[in-house]
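Below: the structure, in structure tokens.
Just so it is clear, none of the values below were taken in a lab; they were calculated from the coordinates. Since we're looking at a predicted model, the values are computed, not measured. With ideal geometry, Cβ positions are generated from the backbone for all residues, glycine too; neighbour counts draw on all protein chains shown.
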Amino acid sequence: MKFKDTYFGGIFGAISSLLTGMGVTLREFFTRKVTEQYPENRKELHISERHRALLVMPHDENGNNKCIACGLCRQACPNGTISITTRTVTDEETGKSKKVLDTYMYDLGACMFCQLCVNSCPKGAIEFTNEFENAVFDRKKLIMKLNR
Amino acid sequence: MFDFTSMTTAIDSYLNSVLPSSAATLIECAIIAVCVIVAYLVFAIIMIFMERKVCAAFQCRLGPMRVGPWGLLQVFADVFKMLIKEIISIKNSDKILYNLAPFLVLMSSIITFSCLPFDKGLQVLDFNIGAFFIMAASSFGILGILLAGWSSNNKFSMIGAVRSGGQMISYELSMGLSILTLVVLSGTMQISEIVETQTKGWFIFTGHVPAFIAFIIYIIAGNAETNRAPFDLPEAESELTAGFHTEYSGMNFGFFYVAEFMNMFIIAGIASTLFLGGWAPLYVPGLEGFNSVMECIPGFVWFLAKTFFVIWLLMWIRWTFPRLRIDQVLALEWKYLVPIGLINLLIMTICVVMGWTF
């Protein structure tokens, strides 16, 4: 019979394990608290970089985006959140016709933030940001045009 | 140390000089009752706020922050909510006992509360069997709990009340044993004399090992007496909704709530009186300068500081440990705490007889 299975061994084992637990909570008592006091602390609010709140299409300084209007994101979306209209332009030098993006419509109200569209994009043209204050009074305002 | 007896005797002699003695006694009783109840409520408010904040800190939260600065008015909001709630009368319940039960619980804790020595001479009930009186008065609160469970006509309340009966009567035993250990050390049962002895060293230091073991046993038993986790079987939210006070609403529930918090204050107050010296300042033999500095701090500050330290200790235990099963609760009491308490009492007696205490 091991000592820890005896009566006194049980007592000492219990005391040491209880003290371990109390040590853990004591450390927790003095750590920085995780509560965010949201509306007051907008300035120092910490939101994880990987938090997905809004789909955006980044544009460079000339106003160009990377979208090639391939429609993979639209196909990947389980909710039908994205709708793309395209037009065909013919290159004057080579004479080849090319599909370009006309409008990129994104319905925030139907989005479930699964990130499948971002993962499926071959050019990295769209991404999620953590701009989470998206509440509006009208559902129509949730349908956004992402390209400029 | 400032002696509050001079103040109370001055009030007494003034009242006796302007009024007949029976009227003076009556007025004194009324003044004392008002003082005790006001102090009781003030401490209850402080305790509820402290519980919320300490609990939040142990869970890495901030606790109430919105009602008033740092959530200071949260308790008042809670009390106000409770006051405007309807008191529902239960079908087929025993109306008289149902309404009497919360007052029994409250009464027991107020009587015990008035035994606490807040400062030298600042104590309502003080007589030669004080320690026994505290044990007796604190243990009739269980009658209220049993009546509450029985009169509610509800199976959950009944199970909760029976569990609390088994638990509280059991733990009364080891609590009594650890109080007796300290009575052996001090040689008196009068609360004021127990504290007076400790002005030359607190019992937890002068009684060294047996006093410390008694302190641990007292804290465990005290936690069980207040029906708080890890011994919250009488309430057991997950099994019995709220145990014995399931059917109570409004201020009747509020009385149970306040009494539970104040029982914790009382347990902590008695612990600080018996083990940590009550209002007695920290005394280190040989360091006269240090002792005179410590004497400058008023007695009630010492008492409240020690009491709130013990309360913090109880809350730390409450927010750390998971709940026990009923058989584990009773096994802990009868297989561990009572034998250890009895042996500890014997060790303390031997120490006192052989003069091995400081």
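Per residue, the convex hull spanned by the Cα atoms of chain B measures out at 162 cubic angstrom.
Kirkwood hydrodynamic radius computed over the range B:6-147 comes to 18.7 Å, based on all pairs of distinct alpha carbons.
In terms of overall dimensions, the C-alpha atoms belonging to the range A:54-145 reach 48, 28, 22 Å along their principal axes, ordered largest to smallest.
Using only the Cα atoms of the range B:103-218, what semi-axes does the equivalent ellipsoid have when each is the square root of 5 times a gyration tensor eigenvalue? Give whole Å, largest first.
32, 17, 9
Taking the charge dipole of the protein assembly as shown about its Cα centre, with +1 at Lys and Arg Cβ atoms and -1 at Asp and Glu Cβ atoms, the residue from B:118, B:256, A:113 reaching farthest to the positive side is A:113. Evaluated with a Cβ-only charge set (Lys, Arg +1; Asp, Glu -1), chain B carries a dipole of roughly 900 debye about its Cα centre, given to the nearest 20. The label point for residue B:94 and the one for residue B:70, both projected 7 Å from the Cα toward the Cβ, are 4.6 nm apart.
So what's the gap between the Cα centers of the range B:322-358 and the range B:3-34, to the nearest angstrom? The range B:322-358 and the range B:3-34 have Cα centres separated by 43 Å. Counting only cysteine Cβ atoms and a cutoff under 4.7 Å, chain A contains unmatched residues A:67, A:70, A:77, A:111, A:114, A:121. Divide the volume of the convex hull around the Cα atoms of the protein assembly as shown by the residue count and you get 274 Å³ per residue. Taking other residues whose beta carbon is less than 14 angstrom from the beta carbon of residue B:44, and scoring Lys, Arg as +1 and Asp, Glu as -1, yields -2.
Here is how the number arises for chain A: DSSP H runs of 4 or more residues each give -39500 (n - 2.57), the sum is divided by the residue count, and the result at 222 nm is -7000 deg cm²/dmol.
The region of chain B that goes longest without hitting one of the trypsin sites (Lys or Arg not before Pro) in a DSSP loop, each with at most 12 other Cβ atoms within 10 Å, is B:92-324.
Pairwise Cα distances in the range B:275-343 exceed 17 Å for 65 percent of all pairs. From its DSSP helices (H runs of at least four residues, each -39,500 (n - 2.57)), chain B gives a residue-normalised ellipticity at 222 nm of -22500 deg cm²/dmol. So if we plug the beta-carbon distance of residue A:49 and residue A:96 into 1/(1 + (r/R0)^6) with R0 = 45 Å, what FRET efficiency do we get, rounded to 0.05? After rounding to 0.05, the efficiency reads 0.65.
Residues of A:24-35, mean number of Cβ from any other protein chain within 10 Å of their own Cβ, rounded to a whole number?
Mean inter-chain Cβ contacts per residue within 10 Å come to 4.
The three principal axes of the C-alpha atoms in the range A:1-126 carry coordinate ranges of 92, 44, 28 Å, sorted with the longest axis first. A DSSP coil position with no more than 15 other Cβ atoms inside 10 Å describes the following chymotrypsin sites (Phe, Trp or Tyr not before Pro) in the range B:1-95: B:2.
A Gaussian network model of chain A, with springs between Cα atoms under 10 Å, assigns the largest mean-square fluctuation among A:13, A:95, A:109 to A:13. Scaling the Cα radius of gyration of the range B:209-287 by the globular reference 2.2 N^0.38 Å produces a ratio of 1.46. A DSSP coil position with no more than 10 other Cβ atoms inside 10 Å describes the following trypsin sites (Lys or Arg not before Pro) in the range A:28-116: A:32, A:42, A:43, A:50, A:96.
Each residue of the range B:78-94 is assigned a 3J(HN,Hα), and the resulting list reads 4, 4, 4, 4, 5, 5, 8, 7, 6, 8, 7, 9, 8, 5, 6, 8, 7 Hz, derived from the Karplus form 6.51 cos²θ - 1.76 cosθ + 1.60 (θ = phi - 60°), x at Gly and Pro.
Were the residues from residue B:316 through residue B:8 laid out at 0.36 nm apart, the gain over their Cα-Cα distance would be 107.1 nm.
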